[in-house]
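Read the figures in this text as sums done on the coordinates, not as results from a lab. Note that the structure is predicted; figures quoted are calculated from it, not measured. Cβ placement follows ideal geometry from the backbone for every residue including glycine, while neighbour counts extend to all protein chains displayed.
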Amino acid sequence: MKKIVLTGGGTAGHVMPNIALIPYLRDRGYDIHYMGTKNGIEHDLISKQQDIKYYSVKSGKFRRYLDIKNLSDPFRVLYGVGQSANIIRKLKPAVVFSKGGFVSVPVVIGAWLNNIPIIVHESDITPGLANKIATKFAKKVCTTFPETVDHFKEGKAIHTGTPIRPELLKGNSRLGLNICRFEKDKPVLLIIGGSQGAVAINEGIRNILDKLLKRFQVIHICGKGNVDKKYEGLKGYIQFEYVADELPHIMAAADIVVSRAGANAIHEFLALRKPALLIPLPLSASRGDQIYNAKSFERQGFSKVLLQEDMTGDNLYVAIVELFRDKNMYIDNMQRHNMDNSIEKIIHIIDECAK
């Protein structure tokens with residue numbers, strides 16, 4: 001049985017595509033192993049998967065700003081490279097597949113030191129710092145956006161799209177409404193800020209909640225530690241820190257979505273034909289990848305965009321109302337989009353590299 005090592009973490013967006021691949025890799029006869037940090041979200045998510053051995057390695061964050069940890073984290077990465085190289089030497093996998101995030105760098109370098117073929121998947125239009133490093137050691141790079149292929153030398157990158165978990169496509173809107181104890185005849189607005197939450201979006205929504213509840217029922221996935229008890233029991237409004245198994249049903253129940261613009265999330269909205277108001281992370285808090293993602297989807301007519309630095313209570317409310325008013329136009333555009341079989345493409349590349 002061929003072994004494969006999966007890696008990626010730091011946010012759910014760097015883990016969930018790996019989870020989407022797992023059942024297909026099992027069907028292909030792979031013995032699956034996962035490498036990540038001890039306390040990262042990847043550990044929590046992968047521990048719920050059956051028959052996957054998890055290995056913890058040290059890593060450090062690659063920051064674009066001044067921080068005292070910039071002095072110590074390179075040593076953590078070097079230590080993680082040593083750990084990864086030793087683990088991979090013992091495992092002898094046929095291939096390593098990396099979904100990105102800072103944890104993936106020591107794993108990728110550890111695999112390269114053992115002459116193991118490496119495949120990196122880049123979610124965003126422009127590669128992040130961790131993947132800029134990781135892709136130098138990769139045999140192949142899979143990209144979510146077609147534009148990203150141009151960032152690599154000819155023949156190295158392949159536009160595959162991003163893996164979407166099959167269970168996400170099997171949600172039941174009635175079950176979603178029942179979970180939230182909502183009525184079936186009033187539209188549902190889903191607010192989702194990613195696995196870390198989005199404070200600015202949370203505050204913006206709560207500031208206009210009274211107006212929103214006159215038109216919508218609101219599901220608010222607000223991130224760990226961001227549930228506000230002041231709003232508990234409010235009719236037509238429900239808060240979650242994070243949703244896992246029930247997410248397909250909650251997504252099915254939603255008519256429209258307000259979200260950050262992480263590549264994995266917005267492609268899930270595309271697959272589910274959910275019109276979204278995207279509020280990307282601003283440049284002050286990111287390298288601008290979400291802005292590029294959001295603008296790409298806006299150009300294609302899949303989503304509406306509101307920049308956080310331009311957001312006020314009034315224009316946030318107006319944007320949500322306009323999104324709902326025009327939702328059929330967005331749905332039509334998404335239905336015309338050719339959803340390539342990204343999982344099949346990626347599995348094919350894994351099989352080729354594993355030879």
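Extension gain, Lys355-Leu169: 0.36 nm per intervening residue step, less the Cα-Cα distance, totals 63.8 nm. Averaging the sequence gap over all C-alpha pairs within less than 8 Å and six or more residues apart, then dividing by the number of residues, gives the chain a relative contact order of 15 percent.
Phi-derived couplings, Karplus 6.51 cos²θ - 1.76 cosθ + 1.60 at θ = phi - 60°, listed residue by residue for region 17-31: x, 4, 4, 5, 6, 3, x, 6, 5, 4, 4, 7, x, 7, 8 Hz, with x used for Gly and Pro. Exposure proxy shown here: for Thr37, Thr312, Thr162, the number of other Cβ atoms within 10 Å sets the order, fewest to most, as Thr312, Thr37, Thr162.
Counting every other Cβ atom within 10 Å of each residue's Cβ, Phe324, Phe302 order from fewest to most as Phe324, Phe302. Remark: region 167-336 carries a charge dipole of roughly 300 debye about the Cα centre, counting +1 on each Lys and Arg Cβ and -1 on each Asp and Glu Cβ.
Amide H contacts of Asp31 (H built 1.01 Å from N, in plane; Pro and chain starts excluded): Lys2, Lys3, Ile4 sit under 5 Å, all sequence-distant by 5 or more or on other chains. Exposure proxy ranking for Met35, Met1, Met329, based on other Cβ atoms within 10 angstrom of each Cβ and starting from the fewest, stands as Met1, Met329, Met35. The 3J(HN,Hα) values that the Karplus relation (6.51, -1.76, 1.60; θ = phi - 60°) gives for region 160-171 are, in residue order, 10, x, 10, x, 10, 4, x, 5, 5, 7, 10, x Hz. Gly and Pro appear as x.
The alpha-carbon of Lys235 sits under 20 angstrom from the alpha-carbons of these aspartates and glutamates, leaving out residues fewer than 8 places away in its chain: Glu183, Asp185, Glu203, Asp210, Asp255. Extension gain, Lys92-Val321: 0.36 nm per intervening residue step, less the Cα-Cα distance, totals 77.0 nm. Rounded to the nearest Å, what's the spacing between the alpha carbon centres of region 240-283 and region 163-232? Just the number, please. With region 240-283 and region 163-232 each reduced to a Cα centre, they are spaced 10 Å.
Under 5 Å from the amide H of Ile191 lie the amide H atoms of Ile219, His220, Ile221, Val258, each residue being 5 or more positions distant or on a separate chain, with H modelled from the backbone and absent for Pro and chain starts.
Treat every Asp and Glu Cβ in region 116-164 as -1 and every Lys and Arg Cβ as +1, leave all other atoms uncharged, and give the resulting dipole magnitude about the Cα centre to the nearest 20 debye.
Values: 6 positive and 5 negative charges, 59 e Å.
Rounded to the nearest 20 debye, it is 280 debye.
Using a simple spin-label model with pseudo-atoms 7 Å out from Cα toward Cβ, Lys139 and Arg28 lie 1.1 nm apart. Think of the chain as a dipole: +1 on every Lys or Arg Cβ, -1 on every Asp or Glu Cβ, centred on the Cα centre; then among Ile87, Val227, Ile133, Ile87 lies furthest on the positive end. If you look at the Cα atoms of the chain, you get an Rg and a Dmax of 20.4, 60 Å. For region 167-336, the relative contact order comes to 23 percent (Cα pairs under 8 Å, sequence separation of at least 6). In order along region 119-130, the phi-based Karplus estimate (6.51 cos²θ - 1.76 cosθ + 1.60, θ = phi - 60°) of 3J(HN,Hα) comes to 10, 10, 10, 9, 6, 8, 5, 10, x, x, 4, 4 Hz; Gly and Pro are listed as x. Using a cut-off of 26 Å between Cα atoms, the listed pairs Lys139/Lys295; Lys230/Lys274; Lys38/Lys274; Lys99/Lys224; Lys38/Lys224 include Lys139/Lys295; Lys230/Lys274; Lys38/Lys274 as exceeding that distance. For Gly10, nonlocal amide neighbours, meaning residues 5 or more places apart or on other chains whose placed amide H falls under 5 Å from its own, are Ile41, Glu42.
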